[in-house]
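**Q** Quick one: the structure is below, questions incoming.
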Amino acid sequence: EKALVSDTNSEGNEWVKTDKPLPAAKKELAVTAEQLKPFIGEYELMPGFYLAITSENNQLYAQATGQQRFELYASTPTRFFLKVVEADVEFFPDAAGIVNRLVLYQGGQELEGKRVK
C-alpha cells in the first residue's frame with residue numbers, strides 16, 4: 001500500500017507503510033539533586049544570549065535569555081533533553097568534575113555555552 005506525498009527527500013516521492021513501531025519516546029534517567037548541582041549556573045551561548053540552568057526538587061531547568069523556563073530531562077548523567085522542542089543540552093565536566101561548558105543541540109546546530117556564573 002503506497003501513498004504519494006510531496007516529500008522530495010524520499011525516493012520516488014513514495015512512502016511505504018510498514019509494521020514497524022513508532023520510535024520510542026526518549027527514556028528518562030532518574031538523577032539526584034547532588035548529580036544536578038555541578039550543572040547549575042549561567043552559560044553564554046553568544047554575546048548577550050545566556051542559558052540559565054537551575055534546579056528545583058530534583059528537576060533541572062533551562063531558561064534562555066528572554067524565554068520561559070523549560071524542564072530538562074536526563075538521557076545520560078550529563079546529557080538532557082527538552083520535551084517542548086527538539087533540543088538537547090549536554091554538560092562537559094572537566095577531570096575534577098567542574099562544569100565550565102555546555103553544548104545546546106537544536107535544529108541541526110550546536111551552540112557552545114561557556115559558564116559565566
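**Q** Could you look through segment 45-64, keep only residues that are among the aromatic types (Phe, Trp, Tyr) and in contact with a Phe, Trp or Tyr (Cβ under 9 Å, 6 or more places away or on another chain), and pick out the one that is farthest from residue 83 (Cα to Cα)? Give the steps one after another, and end with the answer.
**A** Within segment 45-64, the subset among the aromatic types (Phe, Trp, Tyr) is 49-50, 61.
Narrowing the set further to residues that are in contact with a Phe, Trp or Tyr (Cβ under 9 Å, 6 or more places away or on another chain) leaves 50, 61.
Values: 50: 20, 61: 12 Å.
If we take residues in segment 45-64 being among the aromatic types (Phe, Trp, Tyr) and in contact with a Phe, Trp or Tyr (Cβ under 9 Å, 6 or more places away or on another chain), then 50 is farthest from residue 83 (Cα to Cα).
**Q** For residue 102, indicate whether it is open to solvent by less than 30 Å² (accessible area, probe 1.4 Å), touching a Phe, Trp or Tyr at 6+ places or on another chain (Cβ under 6 Å) and free of Cβ contacts under 8 Å to residues at least 60 places away in the same chain.
**A** Details: open to solvent by less than 30 Å² (accessible area, probe 1.4 Å): yes; touching a Phe, Trp or Tyr at 6+ places or on another chain (Cβ under 6 Å): yes; free of Cβ contacts under 8 Å to residues at least 60 places away in the same chain: no.
In short, no.
**Q** Restricting attention to segment 93-117, which residues are under 12 Å from residue 43 (Cα atoms) and assigned to a strand (DSSP E or B)? Don't jump to the end; show me each part of the working.
**A** Just the residues of segment 93-117 that are under 12 Å from residue 43 (Cα atoms), to begin with: 99-104, 111-117.
Selection gives 99, 100, 101, 102, 103, 104, 111, 112, 113, 114, 115.
**Q** Can I ask one more? Which of the strands (runs of 3 or more DSSP E) contained wholly in segment 19-84 include at least 1 residues that are within 14 Å of residue 104 (Cβ to Cβ) and in contact (Cβ under 8 Å) with a residue 24 or more places away in the chain?
**A** On the way: elements: 41-46, 49-56, 59-64, 69-74, 79-81.
Qualifying strands (runs of 3 or more DSSP E): 41-46, 49-56, 59-64, 79-81.
The values are calculated or read from the model by the stated rules, or taken from the named source; none is laboratory data. Everything quoted here is computed from the prediction, not taken from an experiment. Ideal geometry is used to build each Cβ from the backbone, glycine not excepted, and the neighbour counts take in all protein chains shown. These area figures cover heavy atoms from the full protein model, side chains too; ligands, DNA and RNA do not enter into them. Shrake-Rupley method; radii C 1.70, N 1.55, O 1.52, S 1.80 Å.
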